[in-house]
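Trainee: My structure is below; once you've seen it, I'll send some questions.
Values in this text are rule-based calculations from the coordinates and carry no lab data. Computed from a predicted structure; not experimentally measured. Glycine also receives a Cβ, built like all others from the backbone with ideal geometry; neighbour counts cover every protein chain displayed.
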Amino acid sequence: MFRKNKGRYLIKTPTGYESFQGIQKKIVDSMFTITFVDNSFIKSSGKHLFLTDLGFQKTKDIKVGQFLTGKLITSIDSVNGEFEVFDPVGVKNHSTYYSNNVISHNTEFIGSSATLISGAKLRSLSFFNPISSIENVDVYENPIEGHLYIATVDCAEGVGADYSTINIIDVSQVPYRQVAKYRSNKLPLLFFPTIIYSLCRRYNEAFILVETNNIGQQVVDILHYDLEYENVYKIDHHHIKGQTISGGFKRASNFGIKTTKTVKKIGCANLKTLIESDKLIINDFDTIAEMNTFVRVRDSYSAEEGNNDDLVMGLVLFAWLTAQSYFRDATNIDIRRVLLQEQNMLAEEDLVPVGFIDDGRKEEVLVDSGDLWTEKGYLSSTL
């Protein structure tokens, strides 16, 4: 989440009071308390940077006996859980500011190194409070009659580790909009299909794309065969084209999609384009928080250690889906063509307009042996 400052406040820095872009809010899984010799203290996440006698260091790497801006550390305590932290972003002229009389590094670096979405875009994303929040379902827009909705589903075992998630996206027009989300790591797997069924029926019998790499196949089978939900996407497997959305008329068609390297690569590339070009609007805080820690790992992308990416992976599958011809035909929206048209418009606007130069001289006509001539050449004959 990011809230713009809009020039209303200044922040104290080593060079005086400076302006800053805004405040970024995140959820972290641990909180550190650093206590100094004068009994003052400061709290932060383990990844926050402070200026120590050894230079800038992350909180989790700082030791008792070191100095923060000349203040001796006497104790460091940490607690695991779920905590909100707030950091200034974009401090003008440099990247440091004072907090509790010690120098901190602002969060300019967050999202600017190795994240899928650019740091500048991540800092501009804003979340909205849900209009309702009941049993892990956050609703940002109520269903609208006649609108088409897509649900992407990521399944987990419900034992307190990874999250089972549902993203509901309104695809009736561009930009696409995230209108609801479900997220829980405590729900037993056998109950998850009922949640999906109930939420998707509410949103005009939304079409469902389920990730089936691990336990998702059991979920999609219950949805289709037990709950008899019809709008579940089927996938064809081709030895050259790979996985494609289909009408499900082939024998080899299966419910749900497996997140292969190819699917993830295409989905990540498309998601980056959709988010950074404002063609997919994200309303949910948890989703934006996951984007901030969805980083490059070797030749792919995943959550940083200690974080989750279940909501983001649902968006990766949605982004993959938008490139499918079956999706374009169903929505009558070709997102590639929309983006190309915008790029062409921007290119035309950047072109220098054609101009004409008038040197002030009038065109002269010369008569030579009955022929008419101008400065541009021969015109006609009088004969």
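Trainee: Once phi is turned into θ = phi - 60°, what whole-Hz ³J(HN,Hα) does the Karplus curve with 6.51, -1.76 and 1.60 give for every residue of the range 190-207, x standing for Gly and Pro?
Mentor: Each residue of the range 190-207 in turn: 5, 8, 4, x, 5, 5, 4, 4, 5, 5, 6, 5, 4, 8, 6, 6, 4, 6 Hz.
Trainee: Return the lysines within reach of K234: Cα separation strictly under 16 angstrom, same-chain partners fewer than 8 residues apart disregarded; answer none if there are no such residues.
Mentor: Straight-distance partners of K234: K250, K258.
Trainee: May I pose another question? Starting from the range 116-164, pick out the chymotrypsin sites (Phe, Trp or Tyr not before Pro) whose DSSP state is loop and whose Cβ has at most 13 other Cβ atoms within 10 Å.
Mentor: For chymotrypsin sites (Phe, Trp or Tyr not before Pro) across the range 116-164 that sit outside H, G, I, E and B with at most 13 neighbouring Cβ atoms in 10 Å, the list is empty.
Trainee: Could you give the spread of the C-alpha atoms of the range 232-306 along their three principal axes, from largest to smallest, in whole angstroms?
Mentor: Taking max minus min along each principal axis of the Cα atoms, the range 232-306 gives 41, 29, 23 Å.
Trainee: Pairs of alpha-carbon atoms within less than 8 angstrom and 6+ residues apart define the contacts here; what relative contact order does the range 2-109 have, in percent?
Mentor: 32
Trainee: Order these peptides, 212-224, 284-296, by their mean beta-carbon neighbour count within 10 angstrom, highest first.
Mentor: For the peptides 212-224, 284-296, the packing ranking is 284-296, 212-224.
Trainee: Right, here's the next one. Under 1.5 on a/c is rounded, so check that first for the range 119-341, then, if it is not, pick prolate when a/b is larger than b/c and oblate when it is not; a ≥ b ≥ c are the square roots of the alpha carbon gyration tensor eigenvalues.
Mentor: rounded
Trainee: Taking the Cβ of each residue in I208, I275, I240, I23 as the centre, tally the other Cβ atoms inside 10 Å and list the residues starting with the fewest.
Mentor: I240, I23, I275, I208
Trainee: Determine the gain in length on full extension of the stretch Y17-T33; use 0.36 nm per residue of separation and subtract their C-alpha separation, reporting nm with one decimal.
Mentor: Answer, rounded to one decimal: 3.1 nm.
Trainee: Considering only the other residues whose Cβ falls under 13 Å of the Cβ of T212, what net charge follows from Lys and Arg at +1 and Asp and Glu at -1?
Mentor: -1
Trainee: For the pairs K4/K121; K186/K264; K25/K58; K181/K279; K241/K279, note any where the Cα-Cα span goes beyond 24 Å.
Mentor: K186/K264; K241/K279
Trainee: Assign one of three labels to the range 153-255, namely rounded, prolate or oblate, based on the Cα gyration tensor with a ≥ b ≥ c the square roots of its eigenvalues; rounded applies when a/c is under 1.5, prolate when it is not and a/b is larger than b/c, and oblate otherwise.
Mentor: oblate
Trainee: Please report the relative contact order for the range 119-341, taking Cα pairs under 8 Å with a sequence separation of at least 6, and give it as a percent rounded to a whole number.
Mentor: 21
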